[in-house]
Amino acid sequence: MKRKHEMPFGARYGRDATGFRLWAPGASRVSLQLGREANARTLPMTRDRDGWHSLEVPSVRPGDAYAFLLEDGTVVPDPASRSNPWDVGGPSAVVDPEAFEWQDGEWKGRPWHEAVVYELHVGTFTPEGTFRAAIGRLDHLARCGFTAIEVMPVADFAGERNWGYDGVLPFAPDSAYGTPDDLKAFVAAAHARGLMVLLDVVYNHFGPEGNYLPQYAAQLFNPAHQTPWGAAINFDGEGAQPVRDFFIHNALYWLEEYHFDGLRLDAVHAVVDESPRHVVMDIARAIRSLGRPNVHMVLENDANIASFLERDQDSHATAQWNDDAHHALHVLITGEKDGYYRDYADRPAWYLGRTLAEGFAYQGDPSKHREGERRGEPSAHLPLTAFMPFLQNHDQIGNRALGERLTVLAPEPALKLATATMLLAPSVPLVFMGEEFGARTPFQFFCDFHGELGDAVREGRRREFAAFERFRDPKAREAIPDPLAPKTFSDSKLDWPSTAQPAHAAWLELYRELLALRARVIVPRLRETQREARFAASGPCGLAVDWTFAEGSRLHLRANFSDAACNGVQAAPGERIFALGDGAHGDALAPWSGTWTLEAAR
């Protein structure tokens, strides 16, 4: 089976002739450069009045190098490059998308209510850090009970190592991980094991190195809107349509040409669009037009915009990462109250209960961390599968100064209780790589910039933590890992041999038990979205949650998120299906205890 997404730009390979098309409204002349360095030949392109430069060339072969020559002599890669094996500053390579023979023609995806999502970073997931090497760990994920993989961004970035959020060529898988065909092989291998694969994409900014777009397409940015990365991408200003089309095609490209099962859109709160229809909704509509019901779109959105998730509109996102659930759980099991955690510090169990029953904790409520600004929209009417709680992810680990995991920060009974709470809730859980075996290796911030940019990143990282008591002393800040050092990257790789050690094997067994229970008891009851949920908190750490499913059965959680006995949590009816800790002693719940019961439908 062949797969190809037709794009109106970039290099469109053909056996008789290959078409090249670049939107460069800021350039009166652009030439195509075929080949590398001394062997390159330069061919003038034709410009139309809308700024498109085009040319068809016969006898071009897959793998041939090409680039675009601007009037000032600058040579730039194709922003729609399918492959850039010589890094972001080098030429692009022609790709024949139909050269890969897909063997997963029977794969139709999986419905979202079955999802248990495993987030991974290709470069640190295995010692080799490649797409092909990652295939060797897919059986582990399937046996554990995961049903979906979320791959951190792979769009071509500068250098050999990066989290992926500094990509500048959004159509080209980074060559540090392998070739386009290697990525396709990874997706096909996951499908063969019943695993969906979602890709993390970044539509809110381009990375700081290798972004040549301002030199010939300044209209791609809108200085009227500023973001943490500078002028926003132009989704709503003059000349915005080609920009919107570029990103909509990018979404469809990954879904059609690579057969991904969905996308995770990074930080959509930083996607500024004041046009009548937000580009996120246009992307959702385009995805729906594919006619694949089991293709999913997940958002990261700090603003808690429930309207992006509305089921009664013609296009909507499937789900959103639930930061609120993470923050409340983190406060409960670590006691940390700095930064945004202070929004949850006064009654963390209540905030957790609200996320488990209603989706968002902040639904238009004022935020102390934001100096009273109201955050979020009402969400209780949405199905709980529209929310993705997590204990850890790349941000919540890697944005700590030392990149520590919860296995280092929280007592084990607390972490086990939090894990079970997340995995046995009706929402769709997200797990960060290594969590399933209690990994203790850090996941640190790393990149591969050089010169002034590299120095600025290194110093900026240390300044970022200067306000924390622990790092106010400049000598203490020297302990913060250098993001540019290869060791920071290598230290972040998973330690797979540790899974044979008793402590890590015990964690793995717990995950397998919980995910098997989820698949057997919870998932079948999520087929229909109609439900009712209620919660009640007892003090800062006691919690009761009751979920009623569409077919009438009821799931109950009773938990104590503290190291002292907790009174006032009402006992739950039904058959016990799982428990942690010593449970109830009279009217009190024992420290770090949780009990899950199920009532059959009447």
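The values are calculated or read from the model by the stated rules, or taken from the named source; none is laboratory data. Everything numeric here is computed off the predicted structure, so don't read it as measured data. Neighbour counts are summed over all protein chains in view; Cβ atoms, including those assigned to glycine, are modelled from backbone coordinates with ideal geometry.
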Original post:
Is there any pair with a first residue in the range 495-506 that is touching a residue at least 12 places away in the same chain (Cβ under 8 Å) and a second that is of a type in the set (Ser, Thr, Tyr) and surrounded by 14 or more Cβ atoms within 10 Å (Cβ to Cβ) whose Cβ atoms are under 7 Å apart and which are 6 or more apart or on different chains, and what are they?
Top reply: 495/441; 504/498; 505/499
Subject >> When residues of the range 474-491 are limited to those that are assigned to a loop (DSSP other than H, G, I, E, B) and surrounded by 11 or more Cβ atoms within 10 Å (Cβ to Cβ), the one nearest to the chain's Cα centre (by Cα) >> reply: 483
Subject >> Residue identified as modelled with pLDDT of 95 or more and more than 30 Å from residue 496 (Cα to Cα) among 121, 140, 53, 113 >> reply: 53
Original post:
Which of (1) over 24 Å from residue 123 (Cα atoms); (2) buried (at least 20 other Cβ atoms within 10 Å of the Cβ); (3) in contact with a Gly (Cβ under 7 Å, 6 or more places away or on another chain); (4) not β-branched (Val, Ile, Thr) does residue 503 not meet, given it meets every other one?
Top reply: (2)
**OP:** Say whether the condition of being at pLDDT 95 or above and either surrounded by fewer than 12 Cβ atoms within 10 Å (Cβ to Cβ) or not hydrophobic (A, V, I, L, M, F, W, C) (or both) is met by at least one residue in the range 466-473.
**Re:** no
**OP:** Determine which member of the set 323, 266 is closer than 29 Å to residue 364 by Cα, free of Cβ contacts under 8 Å to residues at least 40 places away in the same chain and of a type outside the set (Phe, Trp, Tyr).
**Re:** 323
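Yes or no, residue by residue, for (1) more than 23 Å from residue 483 (Cα to Cα); (2) without any contact (Cβ under 8 Å) to a residue 12 or more places away in the chain; (3) surrounded by fewer than 23 Cβ atoms within 10 Å (Cβ to Cβ); (4) of a type in the set (Gly, Ala, Ser):
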position	(1), (2), (3), (4)
151	no, no, no, no
155	no, no, no, yes
164	no, no, no, yes
171	yes, no, no, no
175	no, no, yes, yes
179	yes, no, yes, no
185	yes, no, yes, yes
192	yes, no, yes, yes
Subject >> All strands (runs of 3 or more DSSP E) inside the range 496-602 with 1 or more residues being farther than 26 Å from residue 141 by Cβ and touching a His at 6+ places or on another chain (Cβ under 9 Å) >> reply: 542-548, 593-599
**OP:** Output the qualifying pairs, or none if there are none: Cβ atoms under 8 angstrom, residues six or more apart or on different chains, first residue in the range 444-466 and over 15 Å from residue 209 (Cβ atoms), second residue of a type in the set (D, E, K, R) and modelled with pLDDT of 90 or more.
**Re:** 444/491; 445/461
**OP:** Run down 439, 467 and say which single residue is among the aliphatic types (A, V, I, L, M) and either outside any loop (DSSP other than H, G, I, E, B) or touching a helix residue (DSSP H, G or I) at 6+ places or on another chain (Cβ under 8 Å) (or both).
**Re:** 439
Subject >> All positions within the range 523-548 that are more than 16 Å from residue 351 (Cβ to Cβ), touching a strand residue (DSSP E or B) at 6+ places or on another chain (Cβ under 7 Å) and not polar (S, T, N, Q) >> reply: 531, 532, 546, 547
Subject >> Tally, over the range 231-252, of residues that are over 22 Å from the mean Cα position of the chain (by Cα) and part of a strand (DSSP E or B) >> reply: 1
